[in-house]
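The values are calculated or read from the model by the stated rules, or taken from the named source; none is laboratory data. Everything quoted here is computed from the prediction, not taken from an experiment. Cβ coordinates were reconstructed from backbone atoms using ideal geometry, including for glycine residues, and neighbour counts include every protein chain displayed.
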Amino acid sequence: MPRVCEITGKRTRFGNRVTRRGKAKREGGVGKKTTGISRRTYRPNLQRIRIVMPDGGIRRLRVATSVIKKGVVKVPFKGQMITLRIEKALRGRNKRRLEGLGLTKPEA
């Protein structure tokens, strides 16, 4: 499975790691010298989320955290793009806490 966000298309990028030695001129030194340049990867922070579709079905997506932060996703549904809110799943400790506050109904 490729490391790609299904919404934004963010994927692994490549760049350089630059190693330097010496003291900066502004700090009274003779300047920084580059001692090595090596390749590195920049990976997107991908998480698996569950989206509840309008027909009640559940769809799992692998999305970047920037998408989760925005709180909405656009997904294709019956031939058109629809916007759905991302809601935190009520599981485990979070579910019990909200039931204790009376914000959700306990399951039978």
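What the table below lists for this structure:
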quantity	calculated
Evaluation of Gly31 against (1) without any contact (Cβ under 8 Å) to a residue 40 or more places away in the chain; (2) touching a strand residue (DSSP E or B) at 6+ places or on another chain (Cβ under 9 Å) (one fails), failing number	(2)
Search result, residues across the stretch 1-55 that are in contact with a Pro (Cβ under 7 Å, 6 or more places away or on another chain) and either part of a strand (DSSP E or B) or over 22 Å from Val73 (Cβ atoms) (or both)	Arg11
Close pairs (9 angstrom Cβ cut-off, 6 or more residues apart or separate chains): within 10 Å of Thr8 (Cα to Cα) and modelled with pLDDT under 90 in the stretch 61-74, assigned to a helix (DSSP H, G or I) and of a type in the set (A, V, I, L, M, F, W, C) anywhere	Val73/Val67
Residue within the stretch 48-56 that is surrounded by fewer than 16 Cβ atoms within 10 Å (Cβ to Cβ) and modelled with pLDDT of 90 or more present	yes
Members of the stretch 6-32 found to be surrounded by 11 or more Cβ atoms within 10 Å (Cβ to Cβ), closer than 30 Å to Arg50 by Cα and of a type outside the set (Val, Ile, Thr), listed by number	Glu6, Lys10, Arg11
Any hit, the stretch 59-72, residues being surrounded by 10 or more Cβ atoms within 10 Å (Cβ to Cβ), of a type in the set (A, V, I, L, M) and part of a loop (DSSP other than H, G, I, E, B)	no
